[in-house]
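Below you'll find the structure, written out as structure tokens, and then a few comments.
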Ligand SMILES: [Zn+2]
């Protein structure tokens, strides 16, 4: 196995989560009686470029089947985040009705709709046909394809180069990162800017966010590594922001190496220095992760066993992919967690992959009156605690298990 960026031979394990079913393969009642496929889930780290990556990515092609394509039910806070970004970037780059914006992995148009509102021409690129259809229905031109050099050349030939290319939470999913970033270079106008958001590997490691690891996430980036990859393809990262989204993300700003109109901000230098001082350019930084994750696992399992012993009732909230990684690595099944509530009607009536915990409507909480509600998507825990504040009436309490077990 070679590094998907620099092709150096990979020999160092970062974490072994043993195995898991595909994180979004929710099961019907009938499928509970069938065989369920578990794939190995192990990450390696490259000692040359420090890219953390999934062990076997051919398998994830099999996993990424057509029926995987779910509508992302975006939370209100994520939509607010998108709107604030659009206002900021229009102002910062001086975009107007003569500009052209491209978003890669544009989904159902959740972000481009705000450009459209301001009459700024935009184009979505989205490989999943049914979400692309939803975007077209709200009037956003969308190409149903994966992005790379080939598509970038065709756009460029049609005079469709961009002043701004956006990619949020897409870098982790890209199998051929070199082809993807080389495509950005081709599709970007001479003075154009690329912004990309992705979870920061530093936060993942330092806050034990191992539940954000699943088969569809092929790569995990530090700022250092992202910069090296863009640099190799003639793009310079000239600014970076640290965002609270998804437990700590980076928003990077790239331009052509040749574009002298935007100077490199002090943020770039400061973050590179910070990553280095934390040890992100040394192997030992990555080698300690497994032990920290295992501590989280044992504390969490202990908590659940204790509640069982004392006949306390535990339910969970949020049937998100990250919950499945946590529950499967911890070997938790429906004997320890009664059910999980999810707002999405697509998921209600289904069962979580691996753990087989049933997904139900929120009303079940009032009926069951759990002593503890475990919040699986901890990144939106404030939103959820507010929404479920009524559990205090029967002295119910909330629990998160990451970065460590906390009851509140
Ligand atoms: Zn490498």
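For this structure, a couple of remarks:
- Of everything in the stretch 372-391 that is over 24 Å from the mean Cα position of the chain (by Cα) and touching a residue at least 24 places away in the same chain (Cβ under 8 Å), the residue that is nearest to residue 324 (Cα to Cα) is 372.
- Close contacts from the stretch 1-16, counting a first residue that is within 11 Å of the ligand (Cβ to nearest atom) and a second that is modelled with pLDDT under 95 and not in a strand (DSSP E or B), with Cβ to Cβ under 6 Å and a gap of 6+ residues or different chains, come to 10/1.
- Qualifying residue in the stretch 141-160 (condition: touching a strand residue (DSSP E or B) at 6+ places or on another chain (Cβ under 8 Å) and touching a residue at least 60 places away in the same chain (Cβ under 8 Å)): yes
- Criterion: in contact (Cβ under 8 Å) with a residue 40 or more places away in the chain, touching a strand residue (DSSP E or B) at 6+ places or on another chain (Cβ under 7 Å), crowded, with 18+ Cβ neighbours inside 10 Å and closer than 20 Å to residue 275 by Cβ - qualifying residue of 166, 213, 205, 229: 213
- Hits in the stretch 20-52 - residues which are under 18 Å from residue 211 (Cβ atoms), away from the ligand (no atom under 16 Å from the Cβ) and in contact (Cβ under 8 Å) with a residue 24 or more places away in the chain: 20, 21, 22, 23, 24, 25, 26, 38, 39, 41, 42
- Residue match in the stretch 41-58 (condition: within 17 Å of residue 353 (Cα to Cα) and modelled with pLDDT under 95): yes
- Residue 73 passes every criterion in (1) outside any helix (DSSP H, G or I); (2) modelled with pLDDT of 80 or more apart from (2).
- Within the option set 250, 218, being within 15 Å of residue 178 (Cβ to Cβ) and either in contact with a strand residue (DSSP E or B) (Cβ under 8 Å, 6 or more places away or on another chain) or surrounded by fewer than 22 Cβ atoms within 10 Å (Cβ to Cβ) (or both) holds for one residue only, 218.
- The residue that is nearest to residue 217 (Cα to Cα), among those in the stretch 289-340 that are free of Cβ contacts under 8 Å to residues at least 60 places away in the same chain, in contact with a strand residue (DSSP E or B) (Cβ under 9 Å, 6 or more places away or on another chain) and not in a helix (DSSP H, G or I), is 340.
The values are calculated or read from the model by the stated rules, or taken from the named source; none is laboratory data. The shown structure was predicted, so the numbers you read here are calculated from the model rather than taken from an experiment. FYI the Cβ positions are ideal-geometry reconstructions off the backbone, even for glycines, and counts take in every protein chain you see.
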